[in-house]
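Written out below as structure tokens is the structure these notes cover.
The values are calculated or read from the model by the stated rules, or taken from the named source; none is laboratory data. It should be emphasised that the depicted structure is a prediction, and the values quoted were computed from it without experimental measurement. Neighbour counts run over all protein chains shown; Cβ positions are idealised from the backbone, glycine included.
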Amino acid sequence: MANMGSNVPDKLVAISMRSREMTHDAIKRLKEFYPKEIPSNDLVTFLMPITAEAELVRFFLLTIRQNRVVQWNSKTDTYVFIPPYEISSAEQLLAYFQKQQIAKSIAITDLQQGWKDCVPTINDLDREHKLVVLRHKKDNSPRTIWGNDPTLYAPLDAIYVQKWKAITLPGENEIRDKLKAMSSRAAGDAPKAVLDNKPKQKKKVRRGHKITNTHMQFLDSKR
């Protein structure tokens, strides 16, 4: 072991770091081909040249097989990406929510890892009131979804919707003026300083004294 020199630890560190980089690239490759499996040789050829060191290849294969988002088939020696949700249709999505005992959300970014073109279906299910959808303010794209029961949807008459939209809210300055007229303070206003003109009383200093249980002194007298 002594003749191996001090370069061995540095070499192992370099191999380990390179293997982690290749694992990251391999997962991206597997995501692109999901749900198709990729043979081990094809994956290695894509990531590194044919002249790559055998030790690096072996270390990489050991690393990727231990990754929780990759499944290795030892019989076929192939790899496949495991998405957070194995859902790729509206039926599978609704069935997933129906099985829930506690309502939990799904992030669209997680769903897209296994179902890239899920957004049109999400929008359709939202219009059918089968999903509750939280959307981005910038482009109104879906951000997070929950399951929903369409039988609980109660549409409102158009006349009530119009009346609701016709209600105008008072402006910020108007609210402040009305609160001041009521001798109240609006949110965000600085609190008024309270002046305390009362003279501060000095604290009385208690002198120490010995306290005895005088009500039990008769016990000594009866001995």
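Here are a few things to note about the model shown:
- Going through (1) more than 30 Å from Leu125 (Cβ to Cβ); (2) in the same structural domain as Arg143 (by TED's automatic domain parsing) one by one, Asp77 falls short only on (2).
- There is at least one residue in segment 201-210 that is modelled with pLDDT of 70 or more, over 30 Å from Leu94 (Cα atoms) and not charged (D, E, K, R).
- Within the span defined as segment 109-120, every residue fails to be buried (at least 16 other Cβ atoms within 10 Å of the Cβ), of a type in the set (D, E, K, R), touching a residue at least 24 places away in the same chain (Cβ under 8 Å) and outside the structural domain of Lys36 (by TED's automatic domain parsing).
- Positions within segment 56-102 being aliphatic (A, V, I, L, M) and within 25 Å of Val13 (Cα to Cα), in sequence order: Leu56, Val57, Leu61, Leu62, Ile64, Val69, Val70
- Any helices (runs of 4 or more DSSP H) falling wholly within segment 3-100 and containing at least 1 residues that are of a type in the set (Val, Ile, Thr) and surrounded by fewer than 11 Cβ atoms within 10 Å (Cβ to Cβ): 7-33
- Answer from Ser105, Ser141 - the residue that is of a type in the set (Ser, Thr, Tyr) and either closer than 24 Å to Pro35 by Cα or free of Cβ contacts under 8 Å to residues at least 12 places away in the same chain (or both): Ser105
- Per-region count, segment 101-121, residues closer than 23 Å to Thr23 by Cβ, out of contact with any Asp or Glu (no Cβ under 7 Å at 6 or more places or on another chain) and in a loop (DSSP other than H, G, I, E, B): 3
- Residues of segment 136-173 classified as surrounded by 10 or more Cβ atoms within 10 Å (Cβ to Cβ) and among the hydroxyl-bearing types (Ser, Thr, Tyr), total: 3
- One residue alone among Val70, Val57 is under 28 Å from the mean Cα position of the chain (by Cα) and touching a residue at least 12 places away in the same chain (Cβ under 8 Å), and that residue is Val70.
- Residues satisfying the stated conditions in segment 11-43, i.e. more than 30 Å from the chain's Cα centre (by Cα) and closer than 17 Å to Glu55 by Cβ: Lys11, Leu12, Val13, Ala14, Ile15, Ser40
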